[in-house]
Amino acid sequence: MKLFNREKHENIIIAGCGNFGTKIASVFAAKNDNVTIIDIKEQSLPAIANAYNYYAIEGDATDLDTLEYAGIKTADLLIAATNDDNTNIMIAKIAKEYYRVNQVITRIEDTSKEAAYNKTGIIAICPLDLSLNELQHILIKEKELIK
């Protein structure tokens, strides 16, 4: 694992090292951004240990000490990507409201929670909605090709 010079690139914190968080980490690490990934399960971290340049922390991303150790005070972007909506909401609110991180994105599965973010400055993404939108886009393209 390698810790990058945090002055030259975007400082990105990703909370959650499942498939979603791992893919995000790979995208940003490929751009040579400073990626710090936090996961509460130590066994989740080695899965990407040799694949990407990032800083990995085993810890609870709802814990202020863990977030500060991850560099949240200088973070440009925090992405809450755990597999639990309520955890992601808490992480996102801490980052936006307490630490004033400029850009905060959270993943949520329950679309009814998405409306709560409209006025907070937190961007909520829902994989189900994104998939449905992409499906509609594909079907519209297919219909246009058939014409």
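The values are calculated or read from the model by the stated rules, or taken from the named source; none is laboratory data. No experiment lies behind these values; they were computed from the predicted model shown. Note: ideal-geometry Cβ built from the backbone for every residue, glycine included; neighbour counts use all protein chains shown. Ligands, DNA and RNA are excluded from the accessible area calculation, which covers all protein heavy atoms including side chains. Shrake-Rupley method; radii C 1.70, N 1.55, O 1.52, S 1.80 Å.
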Of everything in the stretch 19-35, what is farther than 11 Å from residue 79 by Cβ and open to solvent by less than 40 Å² (accessible area, probe 1.4 Å)? Give them in sequence order. 22, 26, 29, 33, 34
What about residue 94, is it of a type in the set (Val, Ile, Thr) and at pLDDT 95 or above? yes
Residue among 65, 60, 76 that is acidic (Asp, Glu), under 11 Å from residue 13 (Cβ atoms), open to solvent by 40 Å² or more (accessible area, probe 1.4 Å) and out of contact with any Cys (no Cβ under 8 Å at 6 or more places or on another chain): 76
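Which of the residues that make up the stretch 76-103 are part of a helix (DSSP H, G or I) and not hydrophobic (A, V, I, L, M, F, W, C)?
Here is the first cut: in the stretch 76-103, the residues part of a helix (DSSP H, G or I) are 85-98.
Matches in the stretch 76-103: 85, 86, 87, 88, 93, 96, 97, 98.
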Check the stretch 104-123 and report whether any residue there is without any contact (Cβ under 8 Å) to a residue 24 or more places away in the chain and part of a strand (DSSP E or B). yes
